[in-house]
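Notes to accompany the following structure.
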Amino acid sequence: MNEKSLAMKQINPAHTAMLKVEGLKKYFPVRKGFLQGVIGWIKAVDSVAFEIYQGKTLGLVGESGCGKSTIGRLILKLLEPDEGRIIYQGQDISGLSEEKIKPLRKEMQIIFQDPYGSLNPRMTAGQSIEEGLRTVGVKGRSERKAQVAHLLEMVRIGADAAGLYPHQFSGGQRQRIGIARALSVNPSLIICDEPVSALDVSIQSQIINLLKELQNTLGVSYLFISHDLNVVGYLSDTVAVMYLGHIMEYAPAEALYDKPLHPYTLALLSAIPAPEPDDRHQLPALVGDVPSPFNPPPGCKFQGRCPLVEDRCRKGEIKIYQVGDGHTVRCWKVVGK
Amino acid sequence: MTKTDNKALFRDTGAEEGPRAPRESRLREFWRLLRRNRLAFSGLAIFVFFFFVAFSGLVLTSGTRPVFDPAIVRLQEKLRPPLSEPNLANLLPKEIPTLGVYLFGTDDLGRDVFARMLQGAWVSLTVGFVAVGIAVLIGIGMGGISGYFGRNPVRVDHILLAFIVSLGGGLLIGGAFFAGGVLLLIGSTYILFSLWRKKWSGKQSAQKLLRLLHKDTISIDTLIMRIVDIMLCFPVFFLILTVVALLPASMYNIMIVIGLTSWMGTTRFVRAELLSLREQDFVTAAKALGVSDWRIIFRHMIPNAMAPVLVSATIGIASAILIEAGLSFLGFGVPPPHATWGNILSDGKRFIFDAPWLTFIPGFAILIVVLAFNLFGEGLRDILNPKLRERY
């Protein structure tokens, strides 16, 4: 299976998903009391499916707490999925033990949102990056030093930064060091967990352009997690919109921005500040917060805030409807039945 | 809104990011903040002075011919006040105090209180440091397990095994060699059996007994934290008194007992630190890179968790010194004739109106040293608190 899909990838890389996720589920137990008994479950990720192709970017959008970051951690095997398959290069990695996953660790890396927490405050930038080189077995201090310098040049910081501690850098510089650390093991997929949300707009654009440039030169794929539709639209080839653990709409970026179908996607898009004051929003802005994912009512997860909600939305699981080429929506209203 | 609209928003401004923060090393920053905190700095000064006194005390009062002999009894010179001159006519040459004067006076047996204070300083210092050392080691171990591996469950067989092994060990020490040996043998056989099963047979056994034994009970974290809660329920001083009354009196027993009853605070600190560090992005990044568990714990987590441990250790030394003085005062401490501040105080209380220096000098010494350690500890807490320093 593995060899076959690898061969297929070499023949026609664009048509075989590098990473394929099917029916992914992660429920967190809610514990209480003296002996920490389980009193319920939070469905952080519920039946999620998507594909990421070589050198392409999948954008994952949604409000805080909808399970975006959990998906990133599930793919990295930092969390164990309860159900579903994560297929990397044709190999199901979801059930692999810690020893078997070790060699695959270097294939997938992560970049974090908070540039203050993502670097060990007691290690220099060079030492942080070296951690990755060590695990892929780069022997020799001078060899590692040279590679650290190369990686720092790659993210446009300058090799002399290797000896400095994180508190001596600005937020954007720290984010670049985080990117260099992720690149140190030469991964083919990088999970960008809101990498620009904590940065100034001008720094945001620098980091985004750096990510784009690295994709062009190195051919890495990104799973780009964000709550900012502007950023996602600029970077992504495909976009998945998440709400409370479900993917509500999954479409190529052009289709999603030109012809959004799910009421939640519409609400999100209409919440983007419009450059033209005359632009009229199609829907009133959403009110309230994302409801607690603990013990949600049956039916559509979005029912509590959806402006178009009807009785049918409150009964049973809502199916996923195919509405176009690679465009799926989890809302029965789009097919009008 | 179309996708092309967004492009304008992300044109690279090309602007360089702001200048780097001033390059000040952590040690220098620490020193600067410490200098600014006067109380903590004076605490540190007294701390260093006490160190010096205790070390010189050890050197000057031990050996066959010590410079200051705390054990010379001069019954003709008893209860002399501080700074009084010795009556040379009554003394043998070796009985004359080294300084030519009784700096802190003499006690009811005519022993030089200055020499006894010097000897006692070393006791206080070692009891403080060794007891806290033991407590910190246990605390880091227990807190580390609880914080990093805490989510793993404890199984029924683990509990049974711990019970059997400790019972066996207890019987063996208590003298019941046969019963103890048999229990230990059963325990080690089961450990070998589990290792063999884990290593050689990958499949989960479906036997009913094994399934019962492998049932999860509570998490390691819950277990350790409940043990901490139970230990905290005991009034520690009375627990120590009971244990010390049962054990032969010696300095080492006291250190060990104080250490074994004061690790709970450190355990809680380390656990709390590791729990928050475990969720930190840099630890996640290290895991994603494939760094090993031990390297993550010792290279990434423990160095970042040391600040509160250091603070609690500093304050713990003060309380260990206090506990030792209290035990000595009650007569359960280091056995005489070895002097400790507590038993000088205790011996002197009978003469508090005739010879107040016998109680006040060790009393003040204890007060000053404990206060210094507490002030330094509090200062350390402020200095190491990341919210009070510039954001790193």
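The values are calculated or read from the model by the stated rules, or taken from the named source; none is laboratory data. Computed from a prediction, not measured in an experiment: that's the story for all the values here. As a convention, Cβ positions derive from the backbone with ideal geometry for all residues, glycine included, and neighbour counts pool all protein chains shown. To get the accessible areas, we keep the full protein, side chains included, count just its heavy atoms, and leave off ligands, DNA and RNA. Shrake-Rupley method; radii C 1.70, N 1.55, O 1.52, S 1.80 Å.
So here's what we get for this one:
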item	result
Surface accessible to a 1.4 Å probe, per residue, for the residues of the protein assembly as shown, Å²	50
Residues with amide H under 5 Å from that of A:LYS26, placed H, sequence gap 5 or more	A:ALA44, A:VAL45, A:ASP46, A:SER47, A:ASP82
With Cα atoms, 0 to 90° folded angle of helix B:156-174 axis to chain B main axis	20
Area of A:GLU83 that stays accessible when all protein chains are in place (1.4 Å probe, Å², to 10)	100
Largest to smallest accessible area among A:HIS167, B:HIS158, A:HIS246 [probe 1.4 Å]	B:HIS158, A:HIS167, A:HIS246
Stokes-Einstein D for the stretch B:297-385, Kirkwood Rh over Cα pairs, 20 °C, 1.002 mPa s (µm²/s)	145
Neighbouring partner chain Cβ atoms per residue of A:112-123, average, 10 Å criterion	6
Cα-Cα P(r), the stretch B:209-320, percent of pairs per 10 Å interval	11, 29, 29, 22, 8, 1
Helix B:177-200 vs. chain B, principal-axis angle (Cα, 0 to 90°, nearest 10)	30
Pairwise Lys count, the stretch B:37-384 - Cα closer than 28 Å, eight or more residues apart or different chains	10
Whole-percent pair-distance distribution, where bins are 20 Å wide, for the alpha carbons of chain B	20, 41, 28, 10, 2, 0
Violating pairs (Cα-Cα greater than 22 angstrom) within the set A:LYS43/A:LYS301; A:LYS68/A:LYS100; A:LYS20/A:LYS301; A:LYS26/A:LYS259; A:LYS56/A:LYS212; A:LYS43/A:LYS259	A:LYS68/A:LYS100; A:LYS20/A:LYS301; A:LYS26/A:LYS259; A:LYS43/A:LYS259
Alpha carbon centroid spacing (whole Å) that separates the stretch A:49-97 from the stretch A:316-337	22
Amide H within-cut-off set for A:TYR243, under 5 Å, with H built and near neighbours excluded	A:MET248
Hz values of 3J(HN,Hα) by residue in the stretch B:311-328 - Karplus curve (6.51, -1.76, 1.60), Gly and Pro given as x	4, 5, 5, 4, 6, x, 4, 4, 6, 5, 4, 5, 5, 5, 4, x, 5, 5
Cβ-defined net charge surrounding B:GLN76, 15 Å radius [Lys, Arg +1; Asp, Glu -1]	-1
Kirkwood Rh and Cα Rg combined as Rg over Rh, evaluated for the stretch A:180-337	1.00
Note, ³J(HN,Hα) from phi for the stretch A:232-245, Karplus 6.51, -1.76, 1.60, rounded to Hz, x at Gly and Pro	4, x, 6, 9, 8, 8, 10, 10, 10, 9, 10, 8, 6, x
A/B buried area, accessible surface, summed, 1.4 Å probe, Å²	4500
Segments A:99-110, A:26-37 sorted - mean Cβ within 10 Å per residue, highest first	A:99-110, A:26-37
Inverse mean reciprocal Cα-Cα distance (Kirkwood Rh) of the protein assembly as shown, Å	31.1
Solvent-accessible area, 1.4 Å probe, carbon plus sulfur percent, for the stretch B:37-384	72
Environment charge at B:PRO362 (Cβ cut-off 11 Å; Lys +1, Arg +1, Asp -1, Glu -1)	0
Between 0 and 90°, nearest 10: helix B:251-260 axis offset from chain B longest Cα axis	30
Dipole axis of the protein assembly as shown (+1 Lys, Arg; -1 Asp, Glu on Cβ), positive-most option in A:ILE207, B:GLY363, A:GLY67	A:GLY67
Two-site label geometry, A:ARG141 and B:LEU79: point separation in nm, points 7 Å out along Cα→Cβ	6.9
Listed residues A:ASP114, A:ASP200 arranged by accessible area, highest first, probe 1.4 Å	A:ASP200, A:ASP114
Inverse of mean 1/r across different Cα pairs in chain A, Kirkwood, Å	21.4
Cβ-based net charge around B:VAL270, under 15 Å, with every Lys or Arg adding one and every Asp or Glu removing one	+1
Dipole of the protein assembly as shown, positive direction: furthest Cα of B:VAL48, B:ALA176, A:HIS150, with charges on the beta-carbon	B:ALA176
For q = 0.12, 0.15, 0.18 Å⁻¹, Debye-computed log10 I/I(0) when each Cα of the stretch B:112-258 counts as one equal scatterer	-0.78, -1.07, -1.28
Within chain B, helix-based [θ] at 222 nm, where runs of 4 or more DSSP H residues each add -39,500 (n - 2.57), nearest 500	-21000 deg cm²/dmol
Fraction in percent of alpha-carbon pairs per bin - 10 Å, the stretch A:21-68	21, 38, 25, 12, 5
Neighbour cut-off at most 16 other Cβ (10 Å), DSSP loop, chymotrypsin sites (Phe, Trp or Tyr not before Pro), the stretch B:94-161	B:PHE149
